[in-house]
Amino acid sequence: MQDVIVIGGSYAGMAAALQLARARRKVLVIDAGQRRNRFASYSHGFLGQDGVDPARIWAEACRQLLAYPTVTWVEGSASTIAGGKDEFRVSTAAGDTFAGRRILLATGVADRLPDIPGLADRWGRTVFHCPYCHGYELDQGRIGVIATGAMSLHQAQLLPEWGEVTFLTNGALTLEPEQRDDLRSRGVAIEETPVARIAGEAEVELRDGRVLPFAGLFTATGTEPASPLAEAAGCELIETPMGRQIVTDETKETSLPGIFACGDVARAPHSVSLAVGDGAWAGAQLHRSLVWPE
């Protein structure tokens, strides 16, 4: 019987497991190896790790975590959660079953990218979603913002801090006169010709044949839990401007007693720093729930 089964061994999940390990609790981490930022070569904005390969950050964090003797790591995909508080059972796709008193969902999210040829191939390299993570490296060059919905306007308003911005509406939204005026007051150019494809490093080919070169592109992706586990177990989910996420209270407990959630799957906005902080808080709250069970 594990004290806590952590499903998802990326930044949030490991941060939570570390707090529990340091309280000498038995922790099992089940990880499918699908970090959200696996497409990026460098991670930025994370204090002490700025500019480091995210795979290297993950590997070092994993090494440190597994130095604690009460932590067990299983590579695989969790498929079902059964039982209830103090007697959960988690089964994996490989057919193994593990028992735990508490569950922590740290499965992360999957990005829903615009259906534009060439965009997915450049995701994490020259196409991004977070200016705080990737804007500085564009060296105040030309930036294209490809609209996907209402959140894209916010991106276009913010990104002039990092360079000269062109807002490509791409038929995803219709700008009101006051919104146009606001963008122009910030120096943002508005391009309404639909995007045909992305080529080169970050070249936008429009349907009228024009090609607009950029230092980098941004788009507001929609997100959804990377695993169906939370929904299948009956946890409440909510639709936010950034996508679907698991509902948690201030202790990171979901609508189901004994099941907690943290990281991108349970909060917005998203970054490595915020995921680590959220995971550390969740780990401490999980420990408290074991010390003072209701």
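Inverting the pair-averaged 1/r between distinct Cα atoms of the chain gives 20.3 Å as its Kirkwood hydrodynamic radius. Helix 11-22 and the longest principal axis of the C-alpha atoms of the chain enclose an angle of approximately 30°.
In the chain, helical runs assigned H by DSSP with n ≥ 4 each contribute -39500 (n - 2.57); averaged across all residues and rounded to the nearest 500, the mean residue ellipticity at 222 nm is -7000 deg cm²/dmol. Of the residues Val127, Phe167, Ile146, the one whose Cα sits farthest toward the positive end of the charge dipole of segment 114-219, with +1 on the Cβ of Lys and Arg and -1 on the Cβ of Asp and Glu, is Val127.
Find the relative contact order for the chain and round it to a whole percent, using C-alpha pairs within less than 8 Å whose residues are 6+ positions apart.
22 percent.
Cys residues of the chain that find no other Cys beta carbon under 4.7 Å: Cys62, Cys235, Cys262.
Note on the chain: GNM, Cα springs under 10 Å; of Ser271, Ser77, Ser91, the largest mean-square fluctuation is that of Ser91. Electrostatic bookkeeping for Ile190 treats Lys and Arg as +1 and Asp and Glu as -1; over the other residues with beta carbon under 9 Å from its beta carbon, the sum is 0. Placing +1 on the Cβ of every Lys and Arg and -1 on the Cβ of every Asp and Glu, with no other charges, gives the chain a dipole of roughly 960 debye about its Cα centre.
Rounding to the nearest 10 and keeping the result within 0 to 90°, find how far the Cα-based axis of helix 54-65 lies from the longest principal axis of the chain. It is inclined by approximately 10 degrees. Given in Å, the Rg to one decimal and the Dmax to the nearest whole number for the Cα atoms of segment 114-219 are 12.4, 35.
A short reminder: the numbers here are calculations on the coordinates, not readings from a lab. Bear in mind that the values here come from a model prediction, so they are computed numbers and not experimental data. With ideal geometry, Cβ positions are generated from the backbone for all residues, glycine too; neighbour counts draw on all protein chains shown.
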